[in-house]
Every structure is written in C-alpha cells, then in structure tokens.
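Below is one structure, written out as structure tokens; the observations come after it.
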Amino acid sequence: MTSGLVAAVDLGASSGRVMVGRVAPNELELTEVHRFSNDPVRLPDGLHWDVLGLYREVLAGLREATRAADGLVSIGLDSWAIDYGLLDETGSLLGDPFHYRDERTRAAVETVHRIIKPADLYARNGLQFLPFNTIYQLAAARGSAALEAARTMLLIPDLLGYWLAGVRVAEVTNASTTGLLDVHRRTWDVELIESLAIPASLFAPLGAPGDVIGSLRDDVRRETGASAETLLTLVGSHDTASAVVGVPAGDASFAYIACGTWSLVGVELERAVLTEESRQANFTNEGGVDDRMRYLRNVMGLWLLQESLRTWELEGTPEQLPALLIAAGELPAGGPIIDPDDPMFLPPGDMPARIAAACVEQDEPVPGTRAALVRCILDSLAVAYGRAVRDAARLAGRSVEVVHLVGGGARNSLLCQLTADACEVPVLAGPVEATALGNVLVQARARGILSGDLETLRALVRSTQDIRRYEPRTSLARRRA
C-alpha cells in the first residue's frame, strides 16, 4: 500500500476532534472533520466525564470521516490518561467515569502509602506522584457498589475502543500511567494490585501501539458508514505518547513540551530513571511507542489560562484571548511568578482569585489587570518549563540542545518566546496537532503505508509540517531556578 487514509480520534481534557490523515511516504496531511467540547458534569457524588456524550461525538466524527475519506482503512483512539470506566459481567458501563479533578482520592493516598511506601512504589511503577493517579482512584473506590459489581476496568480510549470493536484490551502506554504497571517488565503488577485489595481480574490484556484490533462492530458500521475493511488499530493511546511520536526531532539532542490543558515536559529515553533523586524531583517514567520511555514531569499547563477565561465568562465579562496575549506581550519583564503546580490550582473554580492569593502568599505583586494576570501565568509556566527541562537533562544524564513545543501552546507566540528565554536554548514550536499526527503515523505504519522507526516517522513530520523557531533572549530561568 503506497498511500492511505486513516482517522484519528483525539480526545483532550477540554475538547475532542476527529481528523482524517492522508499518508504516503512523502505525504502527511490532516483534515479536521469534527470538533467538540469535552465538559465535565458535577453530580451529587462528585465530578464526572460525560463519556456517553463523548462516544456520541466520536460516532458523529467517524461518520464525517467516512464521508470525507472514501476507503478509510483504520481508526485510532487517544485521550488523556488515568481515568477509567468500570464494566459489569455483561459489559455494561457502571456509571459515568470520575474526573481526575474530583477530590475523592485525598484519603486514598494515605491508605495506599500505608500499604506500600512511596519510595518502594516508585521503584515498582516509576511514576510521578499525582494524587489522582489511577492507583489512588481505585483505592478510593474500594467498597463502592460499582467496584464490587465490576468485572473489567478500561481506561477511556480502551473503553471507547471496546464500544467500537467489541474487544477489551489495555493499551500499554496508557496503562503505564495507572501506577499499577511494572515499569521494568511493562506488565500488570499483580502483586501490587492484590496488596491493595483490588481484584487483578479487572485488568484487561495488554496491547501495544500498532496492534490491529479488528473490524468495527456491525452497529458501529451501520451508524458511521464504515466498511468492513476499516479496522481499529492501537496507537499510543495516552495522548502524550502520540504527541511525542509527532515531535519533528532531528539529530539534535532534544527535550519536548506537549503543551495543552496539561504540559508534559521531558526527554525520551531507552530505559527508566528510578533514582531517589528522580523520585524527589517528582519525575515520571511512562511508556512510549516502540518501547521508548517518556521521562517527564507534569506541569499544570494552560489550565490556568483556560480556567481564568472561564471564570471571567461566568462573571459575564468574557475576554478575547488574542487581545489579552497582545496586551500581555507589551508588558515589561519582571512581573510576578507563581508556582503553577501548587495543588491549590488543581480543582475548577475562580482561578484569578487563586492566582492573586498565591502572589500575596509569595510576597509577589498582585497583577493589577487581566493582561498582567495572563502575563503572570505565561511567565510562571515558562519558568516551570525551564526548570523541568534542566532537571530532566540532569537526572537522565542528557544534554538538551533544542526544545520542541507541540500542541495547542505552539500557537501562543508569547509563551513560546518566554519558554526559549527560560530554557536558554532554541524552541521549535509545532506542529499544533502533534498528537493527531502521531496517532495517524502509528496507524499508517501498522497498515503498511509507512515503514521505519520513530526517527523515520519524525522525519516525515519535519518535512511536511510548519515549524517556527524561537531563539532565547534574556533568561527567566534565574528567577525561580
């Protein structure tokens, strides 16, 4: 097969999209056919994802993809990590999945750490401590009616894939974010799972990016118009795993920033870094495509900006982001810096008020205008990115000659320039749709449209996508090193 059409379903924490990829050895083109919002729902028992609404939108997107692309050969799914759905013995969903920003896991963290010490846990799973990791969510669910009735747990893209193709499988890059995968063997850590009184039988067999799952269910084909030749293919179903495939890296030693609602900042390695210094620095070792290791730190990301805009809209005084960014860029350097990873910023709510409170607590000047608050967010993110890049390089024993910033943040010229300043190396911004591109590339290789290793796939990204270069100017890195 010398060329082909595939569909990428890419679900982010704030929006989703379905894109058609036209791929050939010298061609890589994306066409967006459907975009939709992804809004959580607060119920009496907590914050949930509207996963049925997401599935409806996925079907609508695949229907559009089938219309736009005669001869669609494959579909691949990626989404955010950590969150899951529970299925009963008939395969029925036991309620809408909880949202990772729900606060029910607080007590569960201590429960887990009484059973296994954090240092021992890190030696087994290699994961950064985040209070909403799947391991803590499942511990919080112990004793609940849903967990008692559950027979299978599927992470979000695996759940949607099950509904599309009828196969229960756990894609390994996403499974590596749960805290329940053995970082050495990349298999479920049954001993750890059972020590937490979680049934090991809940966990589906593991699959790898590039595995072809099979045909779509008959009802899905009827609803979407897809043919029997359209197959579901596993990709790096953790969206960051796909985004890292889509990094247009060349020969230079690189770090990456996958910048969206969250920002994932790190380097690509062949093996995990499990030192105590790495654990104390809160770095994570997550699985990548082709058995690579994504050694990174989560930074709160554009959530701070998104939630500020949402707060102003709820107050009845909405703002247009482009105008705010222009005004923020005209402000002088040296404004307030906050720690974007402070847990106070994790839940939804009045983000501008929290940022003002953080400035007061840290004896920083409180932003006096909305433009100044936006500049504070972007300066703070850039400083956090610079710190994470330097830490990743030091802990992994790597040099970093260039930083690739991909995802929605690549559109933000001010953030890209501030990041180059903070990292003190050039930033190559783009592609914006790196996740969808990585999704498409893995499908295309699995179906024989492309061949080669990750470096070969990245060369195709580099030769076909728009990339913008930002050279470092004055450094922000010294302010919060």
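The values are calculated or read from the model by the stated rules, or taken from the named source; none is laboratory data. What you see is a predicted model; the values in this text were computed from it and never measured. Here the Cβ positions follow ideal geometry from the backbone for every residue, glycine too, while neighbour counts run over all protein chains shown. Heads up: the accessible areas ignore ligands, DNA and RNA and are worked out on the full protein's heavy atoms, side chains in. Shrake-Rupley method; radii C 1.70, N 1.55, O 1.52, S 1.80 Å.
Residues in segment 117-128 that are surrounded by fewer than 18 Cβ atoms within 10 Å (Cβ to Cβ) and touching a residue at least 12 places away in the same chain (Cβ under 8 Å): 3 in all.
Does Pro131 satisfy the criteria of being within 20 Å of the chain's Cα centre (by Cα), over 12 Å from Phe203 (Cβ atoms), surrounded by fewer than 17 Cβ atoms within 10 Å (Cβ to Cβ) and in contact (Cβ under 8 Å) with a residue 12 or more places away in the chain? Considered against the rule, which asks whether it is within 20 Å of the chain's Cα centre (by Cα), over 12 Å from Phe203 (Cβ atoms), surrounded by fewer than 17 Cβ atoms within 10 Å (Cβ to Cβ) and in contact (Cβ under 8 Å) with a residue 12 or more places away in the chain, Pro131 comes out as yes. Among the criteria (1) within 19 Å of Thr419 (Cβ to Cβ); (2) open to solvent by 20 Å² or more (accessible area, probe 1.4 Å), the one Leu231 does not fulfil is (1). Residues in segment 411-425 that are of a type in the set (A, V, I, L, M) and either without any contact (Cβ under 8 Å) to a residue 24 or more places away in the chain or open to solvent by 10 Å² or more (accessible area, probe 1.4 Å) (or both): Leu414, Val425.
Filtering segment 234-262 to residues that are surrounded by fewer than 24 Cβ atoms within 10 Å (Cβ to Cβ) and either of a type outside the set (Ser, Thr, Tyr) or modelled with pLDDT of 95 or more (or both) leaves Pro248, Ala249, Gly250, Asp251, Ala252, Ser253, Phe254, Trp262.
One residue alone among Gly21, Gly12 is under 21 Å from the mean Cα position of the chain (by Cα) and at pLDDT below 95, and that residue is Gly12. When each of Thr152, Thr187 is tested for being open to solvent by 30 Å² or more (accessible area, probe 1.4 Å), at pLDDT 95 or above and under 25 Å from the mean Cα position of the chain (by Cα), the lone residue that passes is Thr187. Restricting attention to segment 330-347, the residues being assigned to a helix (DSSP H, G or I) and within 21 Å of Ser413 (Cα to Cα) number 0.
Give the residue, chosen from Leu77, Leu62, Leu86, Leu52, that is at pLDDT 95 or above, open to solvent by 10 Å² or more (accessible area, probe 1.4 Å) and part of a helix (DSSP H, G or I). Leu52 is the lone residue from the list that is at pLDDT 95 or above, open to solvent by 10 Å² or more (accessible area, probe 1.4 Å) and part of a helix (DSSP H, G or I). Looking only at residues in segment 300-316 that are open to solvent by 60 Å² or more (accessible area, probe 1.4 Å) and not aliphatic (A, V, I, L, M), which one is farthest from the chain's Cα centre (by Cα)? Among them, the one singled out is Glu315. Candidates in segment 444-454 are the residues that are touching a residue at least 60 places away in the same chain (Cβ under 8 Å) and under 18 Å from Arg292 (Cβ atoms); of these, the one that is farthest from the chain's Cα centre (by Cα) is Leu450. Against the test of being open to solvent by 30 Å² or more (accessible area, probe 1.4 Å), touching a residue at least 60 places away in the same chain (Cβ under 8 Å) and within 24 Å of Thr240 (Cβ to Cβ), the options Gly397, Gly408, Gly430 yield a single qualifying residue, Gly408. With the condition kept exactly as written, say whether any residue in segment 308-329 is under 26 Å from Arg390 (Cβ atoms) and part of a loop (DSSP other than H, G, I, E, B). The answer is no, given that none of the residues of segment 308-329 is under 26 Å from Arg390 (Cβ atoms) and part of a loop (DSSP other than H, G, I, E, B). Among the residues of this structure, Val109 does not count as one that is open to solvent by less than 50 Å² (accessible area, probe 1.4 Å), hydrophobic (A, V, I, L, M, F, W, C), under 30 Å from Glu277 (Cβ atoms) and in contact (Cβ under 8 Å) with a residue 60 or more places away in the chain. Annotation note: of Thr240, Thr233, Thr261, the sole residue that is within 26 Å of Arg292 (Cβ to Cβ) and out of contact with any helix residue (DSSP H, G or I) (no Cβ under 6 Å at 6 or more places or on another chain) is Thr240.
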